[in-house]
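Remarks on the structure that follows.
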Amino acid sequence: MSVSLLKKQERFKYKDDYEKFKFICTIIMLIFSFANRFVLEARFSDALYHFLLLWYYCTVTIRETILRHNGSRIRGWWVFHHYISCVLSGVLLIWPDGPVYQLFRNQFMTFSLYLSLVQLLQYYYQRGCLYRLRALGERGNMDITVEGFQTWMWRGLTFLLPFLFFGHFFQLYNAYTLYQLSFHNDCVEWQVPVSGLIFFVLFAGNFVTTVIVVLNKINQQSPKEKTKEL
């Protein structure tokens with residue numbers, strides 16, 4: 001099946017619809033995770049949230065595939081990242097309620113709340129940065145906002161790095177917590193070690209990719225640019 005959009009206007013419209021979709025879903029997930037963390041305490045509401053995550057990542061993955069075929073530069077780890085997130089959301093969705101689930105629940109909802117806040121922050125500032133770079137002719141009209149850090153964000157968006165690294169290490173903390181819970185006397189669910197492994201893979205991929213981007217950008221800078229930043 002062809003996913004190419006022949007008209008330039010159709011491509012731009014599809015890209016804008018994708019950006020709006022991500023923005024609206026992020027706000028919904030922010031509200032939902034806040035409600036689950038501080039107001040609701042039912043496994044049913046948790047399941048709805050996990051289903052929302054699963055639907056979101058599956059939809060984003062499909063839309064990004066179409067965008068990649070129409071000129072958007074979405075490469076490497078950040079493509080694979082959404083496939084892994086689909087799997088993780090599915091595993092969390094079918095994790096049955098129990099003592100071990102309840103021990104991890106609040107930590108996960110706190111992580112989700114933080115992640116949604118960071119994604120909103122990224123969306124807001126990346127949109128402005130992309131608009132400026134497009135005006136300068138340094139980025140294409142089909143380039144989109146992403147959840148990680150890329151080289152084009154170096155000028156103006158380096159302040160986001162501490163928030164991103166904190167999120168990466170939060171994923172590592174989730175992996176460690178689940179690893180510890182897998183030895184809990186009440187742990188009989190396979191979802192515990194599997195979720196822990198997936199969180200660790202997400203941490204490793206996000207952290208290594210971000211560090212590589214930062215180091216490459218530093219090495220590419222001229223001595224004058226380095227002197228200015230110092």
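The values are calculated or read from the model by the stated rules, or taken from the named source; none is laboratory data. All of these numbers come straight from a predicted model, not from anything done at the bench. Note that each Cβ is placed from the backbone with ideal geometry, even for glycine, and that neighbours are counted across all protein chains shown. Protein only, heavy atoms only, side chains kept; ligands, DNA and RNA dropped before computing areas. Shrake-Rupley method; radii C 1.70, N 1.55, O 1.52, S 1.80 Å.
Per-residue accessible area for Phe38 at 1.4 Å probe radius, Å² rounded to 10?
Surface open to solvent at Phe38 totals about 130 Å².
Is any residue of segment 43-68 close enough, with backbone N under 11 Å, to a label point placed 7 angstrom from the Cα of Ala35 along the Cα-Cβ axis, and if so, which?
What the label zone holds, given the 11 Å backbone N cut-off, is 45-46, 48-49.
Whole-Hz Karplus ³J(HN,Hα) for segment 42-53, in order, using 6.51 cos²θ - 1.76 cosθ + 1.60 and θ = phi - 60°, x for Gly and Pro?
So the Karplus estimates, Gly and Pro as x, are 9, 5, 5, 5, 4, 4, 4, 5, 5, 5, 4, 4 Hz.
In sequence order, what are the phi-derived ³J(HN,Hα) couplings for segment 95-101 according to the Karplus relation 6.51 cos²θ - 1.76 cosθ + 1.60 with θ = phi - 60°, rounded to whole Hz, with x for glycine and proline?
Ordered by residue, 3J(HN,Hα) equals 5, x, 5, x, x, 5, 4 Hz.
Top to bottom by accessible area (1.4 Å), largest first, where do Lys22, Lys13, Lys217 land?
Order by accessible area, largest first: Lys13, Lys217, Lys22.
Largest first, how would Val211, Val118 line up by accessible area (1.4 Å probe)? All intermediate terms of the calculation are to be shown ahead of the outcome.
Details: Val211 45, Val118 10 Å².
Final ranking, largest accessible area leading: Val211, Val118.
I want to make sure I understand the PRE zone here: with the label point 7 angstrom from the Cα of Phe51 toward its beta carbon, which residues in segment 86-113 have backbone N atoms less than 14 Å away?
It comes to 90, 93-95, nothing else.
Taking the simple approach of a point 7 Å from Cα along Cα-to-Cβ for both Arg43 and Tyr124, what is their distance in nm?
So the label points at Arg43 and Tyr124 sit 3.8 nm apart.
May I ask you to derive the FRET efficiency for Thr61 and Asp97 from their Cβ-Cβ distance with R0 = 41 Å, giving the value to the nearest 0.05?
Computed FRET efficiency for Thr61 and Asp97: 0.90.
Given R₀ = 41 Å, what would the calculated FRET efficiency be for Tyr173 paired with Arg68, taking r from the Cβ atoms and rounding to 0.05?
After rounding to 0.05, the efficiency reads 0.80.
Kindly rank 163-171, 180-188, 108-116 from highest to lowest mean number of other beta carbons found within 10 Å of each residue. Walk me through the numbers on the way to the answer.
Details: 163-171: 17.1, 180-188: 13.4, 108-116: 19.0.
Per-residue Cβ counts within 10 Å, averaged per peptide and sorted highest first, yield 108-116, 163-171, 180-188.
Just to make sure I understand: if all protein chains stay in place, what is the order of Val79, Val39, Val201 by accessible area at 1.4 Å, largest first?
Val39, Val201, Val79
Gln9 versus Thr110, label points 7 Å from Cα toward the beta carbon: distance in nm?
Spacing of the two 7 Å Cα→Cβ label points: 5.1 nm.
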